[in-house]
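*Asks:* Okay, handing you the structure first.
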Amino acid sequence: MIEITFLGTISGIPSKERNHPAIVLEYYGKRKDTLLFDCGEGTQKQLMFSGISFMDIDRIFITHWHADHFAGLIGLIQTMSLEGRRKKLKIFGPEAEKFVSNIVDLGYFGLRFPVEAINVRFEGSEINLVEEEKDWQVFSIPVLHTVPAVAYCFKEKDRWKINTKKLRELKLKRGRWLEEIKKFGVVKYKGKEIRIEEIASLKKGLKVVYSGDTLPCDNIIKISENSDLLIHDATFLEEEEGKAHADVKQAAKIAKKANVKQLILTHISRRYQIPEELEKEAKKIFPSTKVAYDFMKIKLK
Ligand SMILES: [Zn+2]
């Protein structure tokens with residue numbers, strides 16, 4: 001199960017109702033992992049309001065180094081240190097090594113835990129694996145913004161579910177061979193070859209994509225293909241030509257082209273007091289659309 005919490009949903013200038021971008025993804029597998037995507041100013045306070053513990057965050061994925069997406073790192077790192085954190089914090093992003101070392105050198109933090117910066121590729125059209133755990137992976141792809149920027153994809157790994165009825169039918173006993181067959185796809189059982197398809201069905205892992213800030217581009221469509229949820233930047237109802245963001249209709253078209261199940265628009269300009277009008281426009285192109293608001297939660301199963 002995945003739970004997503006929007007901590008900030010506005011674009012460049014915050015409002016009373018909306019904070020700068022930050023999205024928490026909590027993955028409930030054999031163990032729980034808490035990932036943070038972007039960390040705008042005030043993210044630590046938003047975490048407190050949401051009840052999510054910032055000490056659980058071991059990985060932060062920055063889409064690009066505009067202040068609305070990273071200024072919260074300073075306060076968050078400081079608080080983690082004051083709270084006695086010892087375990088490592090990983091920060092991913094384009095040119096992360098350069099910017100993270102700048103941030104850590106900015107004041108007298110007295111850091112008592114290691115901060116590892118991991119550079120993410122921001123050129124080309126490849127989907128890059130940037131982080132991996134037993135049950136999930138995070139990928140990135142370069143997107144089209146005014147500065148080096150990437151989109152991220154959280155992908156739960158596909159897994160085989162053993163069909164116990166089939167085991168009974170074939171008179172097969174449970175055992176360690178079931179782990180082997182999941183790994184290799186085929187095993188010898190009492191001299192007989194058994195293929196995984198005969199006794200199990202493949203459960204597709206959940207897929208969530210976050211665009212960060214981008215103009216429409218082929219890369220965002222590529223990484224979003226068939227995802228369960230696409231969280232896309234949609235600053236304006238209609239983007240003036242030559243700017244830096246996808247508008248509502250463009251984001252909806254991307255969701256449609258990429259054949260995603262659900263679209264959530266975020267990074268909304270403060271100009272829109274009633275975001276329902278954005279939702280209405282997007283739905284004309286892609287019906288399964290919502291506009292994000294601060295502390296909105298989405299569960300995926
Ligand atoms: Zn932004």
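*Asks:* With a point put 7 Å past each Cα toward its Cβ, work out how far residue 204 is from residue 238 in nm, to one decimal.
*Replies:* Using points 7 Å along Cα→Cβ, the separation is 3.6 nm.
*Asks:* Would you mind classifying the stretch 155-235 by shape? Square roots of the alpha carbon gyration tensor eigenvalues, ordered a ≥ b ≥ c; an a/c under 1.5 is rounded, otherwise it is prolate if a/b is larger than b/c and oblate if not.
*Replies:* Values: a/c = 4.65, a/b = 3.63, b/c = 1.28.
Cα axes put the stretch 155-235 in the prolate bin.
*Asks:* Please sort by residue number the GluC sites (Glu not before Pro) in the stretch 145-246 whose DSSP state is loop and whose Cβ has at most 10 other Cβ atoms within 10 Å. Kindly include the intermediate steps, with their values, before the conclusion.
*Replies:* Details: sites: 156, 169, 179, 180, 193, 197, 198, 225, 238, 239, 240, 241; in loops: 225, 238, 239, 240, 241.
Answer in residue order: 238, 240, 241.
*Asks:* Going by how many other beta carbons lie within 10 Å of each one, how would you line up 203, 30, fewest first?
*Replies:* Values: 203 12, 30 7.
Starting with the residue having the fewest Cβ neighbours, the order is 30, 203.
*Asks:* At most 10 other Cβ atoms within 10 Å and a DSSP loop assignment: could you name the chymotrypsin sites (Phe, Trp or Tyr not before Pro) in the stretch 1-93 that fit?
*Replies:* Working: sites: 6, 27, 28, 37, 49, 54, 61, 65, 70, 92; in loops: 65.
Here no loop site has a sparse enough neighbourhood.
*Asks:* Now for a separate question. What ranking of 267, 145, 69 emerges when the number of other C-beta atoms within 10 Å of each C-beta is taken as an exposure proxy, fewest first? Mind dumping the intermediate values first?
*Replies:* Numbers: 267 29, 145 22, 69 26.
With the sparsest Cβ surroundings first, the list reads 145, 69, 267.
*Asks:* If you don't mind, there's one more thing I want to ask. Pull out the extension gain between residue 197 and residue 125, defined as 0.36 nm times the separation in residues minus the alpha carbon to alpha carbon distance; nm, one decimal.
*Replies:* Extra length available between residue 197 and residue 125 comes to 22.6 nm.
*Asks:* Now, a different point. Going by how many other Cβ atoms sit within 10 Å of their own, how do 215, 106 line up, fewest first? Before the final figure, lay out each step's value.
*Replies:* Working: 215 19, 106 11.
Arranged by neighbour count, lowest to highest, 215, 106 become 106, 215.
*Asks:* Restrict the search to the stretch 48-113; then list the GluC sites (Glu not before Pro) that DSSP places in a loop and that have at most 14 other Cβ atoms within 10 Å of their Cβ.
*Replies:* Values: sites: 83, 95, 97; in loops: 83, 95.
Answer by residue number: 83.
*Asks:* Rounded to the nearest 0.05, what FRET efficiency do residue 78 and residue 135 have when you use their Cβ-Cβ distance and R0 = 41 Å? Each step should come with its number before you reach the end.
*Replies:* Working: r = 31 Å, r/R0 = 0.77.
After rounding to 0.05, the efficiency reads 0.85.
*Asks:* Report the label-to-label distance for residue 55 and residue 166 in nanometres (one decimal), using points 7 Å from each Cα along the Cα→Cβ vector.
*Replies:* With each label point 7 Å from Cα toward Cβ, the separation is 4.4 nm.
*Asks:* A further question follows. Working from Cα positions, state the angle (0 to 90°, nearest 10) between the long axis of helix 248-257 and the longest principal axis of the chain.
*Replies:* 20 degrees
*Asks:* Also: Considering only Cα-Cα distances, which of the following residue pairs are longer than 22 Å: 16/207; 161/257; 165/192? Kindly include the intermediate steps, with their values, before the conclusion.
*Replies:* Numbers: 16/207 32 Å; 161/257 30 Å; 165/192 19 Å.
Beyond 22 Å between Cα atoms: 16/207; 161/257.
*Asks:* Between helix 72-82 and the chain, what is the angle of the helix's C-alpha long axis to the longest principal axis, kept within 0 to 90° and rounded to the nearest 10?
*Replies:* Tilt of helix 72-82: around 70 degrees.
*Asks:* Sticking with this one: Under the 0.36 nm per residue contour assumption, what length would be gained going from the current alpha-carbon distance of residue 87 and residue 183 to full extension?
*Replies:* On the way: separation 96, 0.36 × 96 = 34.56 nm, distance 3.11 nm.
Length gained, residue 87 through residue 183: 31.5 nm.
*Asks:* Between residue 273 and residue 113, 0.36 nm times their residue separation minus their Cα-Cα distance comes to what? Can you show the working numbers first?
*Replies:* Details: separation 160, 0.36 × 160 = 57.60 nm, distance 4.16 nm.
Length gained between residue 273 and residue 113: 53.4 nm.
Every number in this text was worked out from the coordinates using simple rules, so none of it is lab data. Treat the numbers as computed from the prediction; the structure is a model and nothing was measured. We place every Cβ from the backbone using ideal geometry, glycine too, and count neighbours over all the protein chains shown.
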